[in-house]
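This is the structure I have questions about; it appears just below.
What follows draws every value from the coordinates through simple rules; no lab data is involved. In this text the structure is predicted, and so the values were computed from the model without any measurement. Every residue, glycine among them, receives a Cβ derived from its backbone with ideal geometry; neighbour counts consider all protein chains shown.
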Amino acid sequence: MKLLCYLKNAYYRLFYFFFRIEKRDNQGGEETDRFATVVALLPMSLLCYSDFFILLYLIARFITPIPLPTSTFFILFAIVDVGFNAFLFFSKKRYLKIKELFGQEDYDRRFKRSLWCIIFTIVILFSMFILMGIFGNPWVK
């Protein structure tokens, strides 16, 4: 249970990292918060999308051979992914609660956590290419 709480906070912190890139200062009201949330949803959805395909690759390569899903599946998954993230952050104005939760961090803590967010993002974006370079493509015979 503690692991799920940790993962939730890490997910929220990653969201706040992308949110803060768009909204660097605290000027503007809720309208700018909403816009920053929409902009932050795009990289969050991309990372979730990448995580899913890394998991799919690992299953196909090391557990059981599964066929590559169709392009329709990829498109539907992308729509569901963006919809899920939008629902998660816009329901009950959760983006404002996340802003309050992480908005009072001191500079050192924010710097360290932002650095971890950058490292995580780079690792996720390049892991599929690295895995395929090392272990090959499981869907090509």
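Can you give the helix-only mean residue ellipticity at 222 nm for the chain, where every DSSP H stretch with n ≥ 4 adds -39500 (n - 2.57) and the sum goes over all residues, rounded to the nearest 500 deg cm²/dmol?
Working: 5 runs with 109 residues, N = 141.
Helix-only estimate at 222 nm: -27000 deg cm²/dmol.
Here's a follow-up. Could you tell me which of 102, 37, 124 has its Cα farthest along the dipole of segment 1-134 towards the positive end, charges placed at Cβ (Lys, Arg +1; Asp, Glu -1), taken about the Cα centre?
Farthest towards the positive end: 102.
Now a separate question. Just to be sure I follow the rule: in the chain, considering lysines 8 or more places apart or on different chains, how many pairs have Cα atoms under 20 Å apart?
Close lysine pairs found across the chain: 10.
Provide the per-residue ³J(HN,Hα) series for segment 61-68, in order, calculated from phi with Karplus coefficients 6.51, -1.76, 1.60 and θ = phi - 60°, each as a whole number of Hz, with x at glycine and proline positions.
Taking θ as phi minus 60°, the curve returns 8, 10, 10, 8, x, 10, x, 5 Hz for segment 61-68.
Based on the Kirkwood radius over alpha-carbon pairs, what is the Stokes-Einstein translational diffusion coefficient of segment 41-141 at 20 °C with 1.002 mPa s viscosity, in µm²/s? Before the final figure, lay out the partial values.
Numbers: Rh = 16.0 Å.
The Stokes-Einstein estimate is 134 µm²/s.
I'd like the Kirkwood hydrodynamic radius of segment 1-67, using the inverse of the mean 1/r over distinct C-alpha pairs, in Å. Write down the numbers at each step before the final one.
On the way: mean 1/r = 0.0711 Å⁻¹.
It is 14.1 Å.
Let me ask something else about it. For the chain, take the longest principal axis of its alpha carbons; what is the angle in degrees between that and the long axis of helix 94-103, to the nearest 10 within 0 to 90?
The helix 94-103 is inclined about 70 degrees to the chain.
Right, here's the next one. What is the helix-to-structure angle for 30-58, meaning the angle in degrees between its Cα long axis and the longest Cα principal axis of the chain, kept from 0 to 90 and rounded to the nearest 10?
20
Something else: With +1 on each Lys and Arg Cβ and -1 on each Asp and Glu Cβ, and nothing else charged, work out how big the dipole of the chain is about its Cα centre, in Debye to the nearest 20.
Numbers: 18 positive and 11 negative charges, 66 e Å.
That gives the chain a dipole magnitude of about 320 debye.
Within a Cβ distance under 12 Å of residue 42, other residues only, what is the Lys/Arg minus Asp/Glu net charge? Provide the component values of the computation, followed by the final result.
Working: positive: none; negative: 22, 81.
Once all neighbours under 12 Å are counted, the net charge is -2.
In degrees between 0 and 90, to the nearest 10, how far off the longest principal axis of the chain does helix 2-22 point, with axes built from Cα atoms?
Between the helix axis and the principal axis of the chain, the angle is about 70 degrees.
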